[in-house]
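See below for the structure under consideration.
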Amino acid sequence: MNHLQHETSPYLLQHANNPVDWYAWKPEAFERAKAENKPILVSIGYSTCHWCHVMERESFENETIAAYMNQYFINIKVDREERPDVDQIYMEACQLINGSGCGWPLNCFLLPDGRPFYAGTYFPPQQAYNRPSWSDVLERIAYHFNEKPNVVEEQANQLMDIINGSDHQLLNDKIGLEQASHFSTADAEKIYNLLQKRFDKEEGGFGGAPKFPSTMALHYLLNYYYHTKEEAALQQVEFSLRKMIQGGIYDQLGGGFARYAVDRAWLVPHFEKMLYDNALLIALLSDAYKLTKHSIYKETIEETLDFIEREMTSAAGGFYAALDADSEGVEGKFYVWQKDEIEAILEKEEAGLFCRFYDVSEAGNWEERNILWREQSYETFAAEEQIEVADLKAKLKNARAKLFKVRAKRIRPGLDDKILLDWNALMCAAYAQAYKALGTEAYRETAERNITFLLQQFKRADGIGLYHTYKAGQAQYDAFLNDYAFLIAALLEVYSINFDTQYIDLAATYTEFVLEHFLDKERQVFYFTSDQQTDLVTRKIDLYDSAVPSGNATMAKNLQQLGVLLDRSDYRALATNMLKSIQKSLFQYPTSFGKWAQSLLNEIYAPTEIAVVGKTADKKAQNIQQQFLPNIILMASHHKSENYPLLKGREINEQTLIYVCRNYACQRPVEQVSEMLEMIAF
């Protein structure tokens, strides 16, 4: 045991068994530093600081790292709640050196007399997360202290001048301790600029005909806007979504999106409806609604999920795969109209308004028939018609209901009623995301019902492995990477709406299965098939986003999230290595690597970790989830839990507290969601 064994602070006692020869903030430490002419490391934290415990486990419990610290430094541990005066001085030094707010753990290097000359927060054991390793920091500091004492002395003097009252100009790191720049904000900007060149600024989306939703690239733009406030990124997302929603690619009567448009203007769809397209668009619309609160997104989410429930959901809770484009052997026949049909169903005035709004004419807008679409927004059309928007919406809703009732009697397109694990997992996650955006209880219930169905019906009898497809009570074919990757993501999404930790545990179980059976250890990416599948002549690695996100990119994001939720640095390191492996391709073909690009943002901008603990934790957490915060990792609990790092050490009191850790540093807990939002605001 080290010198901390004699202390009373719970935080210091937690470190009493570290191999680091920790001192408390006592004279003996400074006396020894002066006698041996060694720099001092003062490490400051508190007992419920998540990243303090991470750094302890990764570095302070490491025998090799501890030996180096003991040889070259005098090491002091400080409980910031016990000695706020000490914390205040060195926190200011950290802020001056880094040019931004800091948190805990706070690691500050001092001259033997206590003057600071360098400071930072969390450092990983190996170079990662755009940060140098702790060993690199120690070596660089020791080198400068011993070989360049004048540089160290000058920096200490400058810091003390500022702390003592001179102007708070930002300091460069004269010691030369550069951050490990695997990825940078310049990389994110480069991807954005490449996507921007592909914007269709007249019709939305990317490129010309045929035009696909490109959901993953649009989601990148939305997240990029959150981090950079680049207005053009948000404008392109909103413009594209509105064009799709108003276009023929969207079923104006029954809800739901077709697979793609054959024209540039989104008018003429390829009429088949796929489960995955609607899942991905619901997820994007949910985030767009969180950010903007525009009613068009809410309406589209509700209409589309009504369609999914009505036409694409089995009695047992699984989601069907697709609806054909054809009925009676004719593409789109179920969906298109002649003007006289509409006039026969609706009253004259009602029909006139409807036909003007949805571009219905005698000649038709496609093959002598009419695809319903909105040339104008509700607001613009209402202004031209000199009626209130609410009245317009009510009249059109009534007319649509009449036409929908007639359409339902037509011969329907064929239904592909197989249930696929990966597509179901995407839709399960979409329902969870819609619940977070809108708070509709039925969406939460559907997500939970579906995940239960998948876990029960797709499980192989010989272990934890899964099947890919299910129909008529029978599951078959070994699951692929996408199945596992999307299921893990869905499990994490379902956790985020009910905070039942069994879903995190299951996500971890399936992640370990994927690591064991899919990982190419040499190339640090995943095969599409498992090593248990023996009916192929070769195993392929699929990296591109296609109609669905890349399974590899999805696993990278899963590993990022679970790395934090479970304090698994190996998961986070693997995600980083995966992103490195596709970095060149990502910059060359960003529209084909949109999911990767989203994960890259999570690498560049450290996630904000939030723990909500107390009697009303669920309610406060749900309020947080209603905000557009694409890089948060949230846990909530109304009782004590020592099993998960973000919840560990959080005491249950009468108050419900929100704990925030950001940029690998933990902040003071707050009670109100509004306070938390201010804390993490840019």
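The values are calculated or read from the model by the stated rules, or taken from the named source; none is laboratory data. Note that the structure is predicted; figures quoted are calculated from it, not measured. Neighbour counts run over all protein chains shown; Cβ positions are idealised from the backbone, glycine included. The protein model used for the area step is the full one, side chains on, heavy atoms only, and it has no ligands, DNA or RNA in it. Shrake-Rupley method; radii C 1.70, N 1.55, O 1.52, S 1.80 Å.
Out of (1) touching a helix residue (DSSP H, G or I) at 6+ places or on another chain (Cβ under 8 Å); (2) surrounded by 15 or more Cβ atoms within 10 Å (Cβ to Cβ); (3) at pLDDT 90 or above, what's the single condition that is false for Leu171?
Here Leu171 meets the rest and fails (3).
Given the stretch 283-382, what helices (runs of 4 or more DSSP H) lie entirely inside it while holding 2 or more residues that are closer than 30 Å to Thr469 by Cα?
295-311
Just need a number here: residues in the stretch 120-151 that are touching a strand residue (DSSP E or B) at 6+ places or on another chain (Cβ under 9 Å), assigned to a helix (DSSP H, G or I) and of a type in the set (S, T, N, Q).
The total comes to 0.
Restricting the stretch 227-253 to residues that are more than 21 Å from Ala681 (Cβ to Cβ) and charged (D, E, K, R), which is nearest to the chain's Cα centre (by Cα)?
Across the stretch 227-253, the extreme among qualifying residues is Glu238.
Can you list residue pairs whose Cβ atoms sit under 7 Å apart, with the first residue in the stretch 645-672 being without any contact (Cβ under 8 Å) to a residue 60 or more places away in the chain and the second being open to solvent by 60 Å² or more (accessible area, probe 1.4 Å) and among the β-branched types (Val, Ile, Thr)? Count only pairs 6 or more apart in sequence or on different chains.
From residues that are without any contact (Cβ under 8 Å) to a residue 60 or more places away in the chain, the pairs are Thr656/Thr616.
Can you tell me which residues in the stretch 571-601 are open to solvent by 20 Å² or more (accessible area, probe 1.4 Å) and modelled with pLDDT under 95?
Ala573, Asn577, Lys580, Ser581, Gln583, Lys584, Ser585, Phe587, Gln588, Tyr589, Thr591, Ser592
Return the pairs, sorted by first residue and then second, in which the second residue is open to solvent by 20 Å² or more (accessible area, probe 1.4 Å) and of a type in the set (D, E, K, R), the first residue lies in the stretch 371-382 and is at negative phi, the beta carbons are less than 7 Å apart, and the residues are 6+ apart or on different chains.
Trp373/Asp359; Glu375/Asp359; Tyr378/Lys393; Ala382/Glu388
Which of the residues that make up the stretch 371-384 are within 17 Å of Ile245 (Cα to Cα) and crowded, with 17+ Cβ neighbours inside 10 Å?
Within the stretch 371-384, Ile371, Leu372, Trp373, Arg374, Tyr378, Phe381 qualify.
Can you tell me how many residues in the stretch 208-245 are of a type outside the set (Val, Ile, Thr), touching a residue at least 40 places away in the same chain (Cβ under 8 Å), open to solvent by 10 Å² or more (accessible area, probe 1.4 Å) and over 19 Å from Ser286 (Cβ atoms)?
Of the residues in that region, 5 qualify.
For residues that are without any contact (Cβ under 8 Å) to a residue 12 or more places away in the chain and farther than 30 Å from Met679 by Cα, tally how many sit in the stretch 65-102.
Summing the residues that are without any contact (Cβ under 8 Å) to a residue 12 or more places away in the chain and farther than 30 Å from Met679 by Cα in the stretch 65-102 gives 1.
Would you be able to say whether some residue in the stretch 450-471 is under 24 Å from Ile633 (Cα atoms) and in a loop (DSSP other than H, G, I, E, B)?
No, there is no match, as no residue in the stretch 450-471 is under 24 Å from Ile633 (Cα atoms) and in a loop (DSSP other than H, G, I, E, B).
Where the second residue is of a type in the set (D, E, K, R) and not in a helix (DSSP H, G or I) and the first is without any contact (Cβ under 8 Å) to a residue 40 or more places away in the chain and surrounded by fewer than 20 Cβ atoms within 10 Å (Cβ to Cβ) and lies in the stretch 616-638, which pairs have Cβ atoms under 7 Å and are six or more apart or on separate chains?
His638/Lys615
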